[in-house]
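> Please read through the structure below; I'll follow up with questions.
The values are calculated or read from the model by the stated rules, or taken from the named source; none is laboratory data. This one's a predicted model, so the numbers in the text were calculated from it and none came from an experiment. Here Cβ is always computed from backbone atoms with ideal geometry, including for glycine, and neighbour counts include all displayed protein chains. SASA here: full protein model, heavy atoms, side chains in, ligands and nucleic acids out. Shrake-Rupley method; radii C 1.70, N 1.55, O 1.52, S 1.80 Å.
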Amino acid sequence: MVIKMIKFCDRLKIARKRAKMTQQQIAMILNVPQSNISKYENGNLEPNIQMLIEMIKNYKTTANYILGIENEYKDEEENIIEKWRDLTEREKGQFEHLYKEIQEERNRKKKENAG
């Protein structure tokens, strides 16, 4: 089986498009010229670490995908689902209990702020 290696610059472009963002939109968010985003995606310029972190956060993807450690694109929701599937039934029960506590705390805070 041959795995096609996707270049770093192409991964940036794929992630941006999957996030349904234009180059202009991400440039505005990151406070950089749109031409920088174009250069990143064409392989003419590489983002610094901080810029890369912000791009990954805004694209809601993983560093592993962008850096080529994983070849499959996964967004945050897919990562959460994958982690859920790896839990034992006992761990799932613990998670559900914790989630209910978090929801109750949120509801209590909403009531406090409303009243």
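> Of the residues that make up the stretch 57-80, is at least one open to solvent by 70 Å² or more (accessible area, probe 1.4 Å), out of contact with any helix residue (DSSP H, G or I) (no Cβ under 7 Å at 6 or more places or on another chain) and more than 15 Å from Ala15 (Cα to Cα)?
Within the stretch 57-80, one or more residues are open to solvent by 70 Å² or more (accessible area, probe 1.4 Å), out of contact with any helix residue (DSSP H, G or I) (no Cβ under 7 Å at 6 or more places or on another chain) and more than 15 Å from Ala15 (Cα to Cα).
> Among the residues of the stretch 18-55, write down those that are in a helix (DSSP H, G or I) and at pLDDT below 95.
Correct list: Arg18 only.
> Right, something else. Residues that are more than 17 Å from Phe8 (Cα to Cα), in contact with a Ser or Thr (Cβ under 7 Å, 6 or more places away or on another chain) and not hydrophobic (A, V, I, L, M, F, W, C): does the stretch 30-49 have at least one?
Within the stretch 30-49, none of the residues are more than 17 Å from Phe8 (Cα to Cα), in contact with a Ser or Thr (Cβ under 7 Å, 6 or more places away or on another chain) and not hydrophobic (A, V, I, L, M, F, W, C).
> I need the full set of residues from the stretch 9-46 which are touching a Phe, Trp or Tyr at 6+ places or on another chain (Cβ under 9 Å) and closer than 15 Å to Gly68 by Cα, in order please.
Selection gives Cys9, Arg11, Leu12, Lys13, Ile14, Ala15, Gly43, Glu46.
> Is it the case that the stretch 83-101 has a residue that's open to solvent by 80 Å² or more (accessible area, probe 1.4 Å), under 27 Å from Asp10 (Cα atoms) and either in contact (Cβ under 8 Å) with a residue 24 or more places away in the chain or not in a loop (DSSP other than H, G, I, E, B) (or both)?
The answer is yes, given that some residue of the stretch 83-101 is open to solvent by 80 Å² or more (accessible area, probe 1.4 Å), under 27 Å from Asp10 (Cα atoms) and either in contact (Cβ under 8 Å) with a residue 24 or more places away in the chain or not in a loop (DSSP other than H, G, I, E, B) (or both).
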